[in-house]
Amino acid sequence: MAEDKFPGWHGTTILAVRRGGKVVVAGDGQVSVGQTVMKGSARKVRRLKPGGRDVVAGFAGSTADAFTLLERLEKKLEAAPGQLQRACVELAKDWRTDKYLRNLEAMLIVTDGNQLYVVTGAGDVLEPEHDIAAIGSGGNFALAAARGLIESDLDAEAIARKAMAIAADICVYTNGNLTVETIEG
């Protein structure tokens with residue numbers, strides 16, 4: 001979601017890296033309210049199992065809003081098993097057009113190991129370039145670091161961990177307490 005839509009709103013940092021037949025999604029654990037750190041060990045990356053199939057989702061933004069979106073995504077995935085793109089598009093359509101959902105302040109990174117998407121309340125379902133996606137207040141730092149590391153011999157998890165450490169050193173709304181989920185394509 002555009003930063004200008006929620007002035008002064010700061011989320012978190014979620015990074016996804018696809019390499020070697022795997023997608024690694026990493027998220028920091030900091031929950032900030034204004035300039036205060038309320039919690040340092042939140043889990044913002046979740047493994048969903050709609051219909052017995054694994055999907056990994058990471059969220060930035062309001063936790064309650066993100067949980068609402070994750071529940072909706074699970075329902076969309078149950079209605080369209082194995083069709084991650086369709087489920088994400090349906091979620092984005094609802095998010096943009098539903099009067100209640102339209103006000104939710106969050107973003108999602110979603111992957112089934114093969115496909116990787118960023119889903120926003122503006123109706124976007126974006127496939128990232130260079131097999132890397134990042135969202136949240138530290139997202140651009142993590143994205144830049146991962147893009148620089150993707151040329152190395154590191155595996156997806158090592159790239160994600162190093163890039164998140166760089167983001168945590170730069171962004172005051174990001175910490176080094178990571179939740180990391182790996183899913184194979």
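The values are calculated or read from the model by the stated rules, or taken from the named source; none is laboratory data. Note that this is a predicted model, so its numbers are computed, not measured. When we count neighbours, we look across all protein chains shown, and the Cβ atoms used for this are built from the backbone with ideal geometry, even at glycine.
Screening region 146-165 for residues that are touching a residue at least 24 places away in the same chain (Cβ under 8 Å) and touching a Gly at 6+ places or on another chain (Cβ under 9 Å) and picking the one that is farthest from SER41 (Cα to Cα) gives ASP155.
One residue alone among GLU74, GLU90 is surrounded by 14 or more Cβ atoms within 10 Å (Cβ to Cβ), in contact (Cβ under 8 Å) with a residue 12 or more places away in the chain and touching a Pro at 6+ places or on another chain (Cβ under 6 Å), and that residue is GLU74. Check region 52-70 and report whether any residue there is loosely packed, with under 15 Cβ neighbours inside 10 Å, closer than 21 Å to VAL17 by Cβ, in contact (Cβ under 8 Å) with a residue 24 or more places away in the chain and touching a strand residue (DSSP E or B) at 6+ places or on another chain (Cβ under 6 Å). Yes, some residue in region 52-70 is loosely packed, with under 15 Cβ neighbours inside 10 Å, closer than 21 Å to VAL17 by Cβ, in contact (Cβ under 8 Å) with a residue 24 or more places away in the chain and touching a strand residue (DSSP E or B) at 6+ places or on another chain (Cβ under 6 Å).
For region 20-36, the count of residues that are farther than 19 Å from VAL125 by Cβ, surrounded by fewer than 14 Cβ atoms within 10 Å (Cβ to Cβ) and modelled with pLDDT of 90 or more is nonzero. The set of residues in region 159-185 being outside any loop (DSSP other than H, G, I, E, B) and either of a type outside the set (Val, Ile, Thr) or modelled with pLDDT under 95 (or both) consists of ALA160, ARG161, LYS162, ALA163, MET164, ALA165, ALA167, ALA168, ASP169, GLU181, GLU184. Contact map, region 32-45: first residue within 23 Å of VAL110 (Cβ to Cβ), second residue outside any strand (DSSP E or B) and β-branched (Val, Ile, Thr), Cβ cut-off under 6 Å, separation 6 or more or different chains; pairs are LYS44/THR12.
Please enumerate the residues belonging to region 134-145 that are in contact (Cβ under 8 Å) with a residue 24 or more places away in the chain, touching a helix residue (DSSP H, G or I) at 6+ places or on another chain (Cβ under 7 Å) and either of a type in the set (S, T, N, Q) or part of a helix (DSSP H, G or I) (or both). Of everything in region 134-145, those that are in contact (Cβ under 8 Å) with a residue 24 or more places away in the chain, touching a helix residue (DSSP H, G or I) at 6+ places or on another chain (Cβ under 7 Å) and either of a type in the set (S, T, N, Q) or part of a helix (DSSP H, G or I) (or both) turn out to be PHE141, ALA142.
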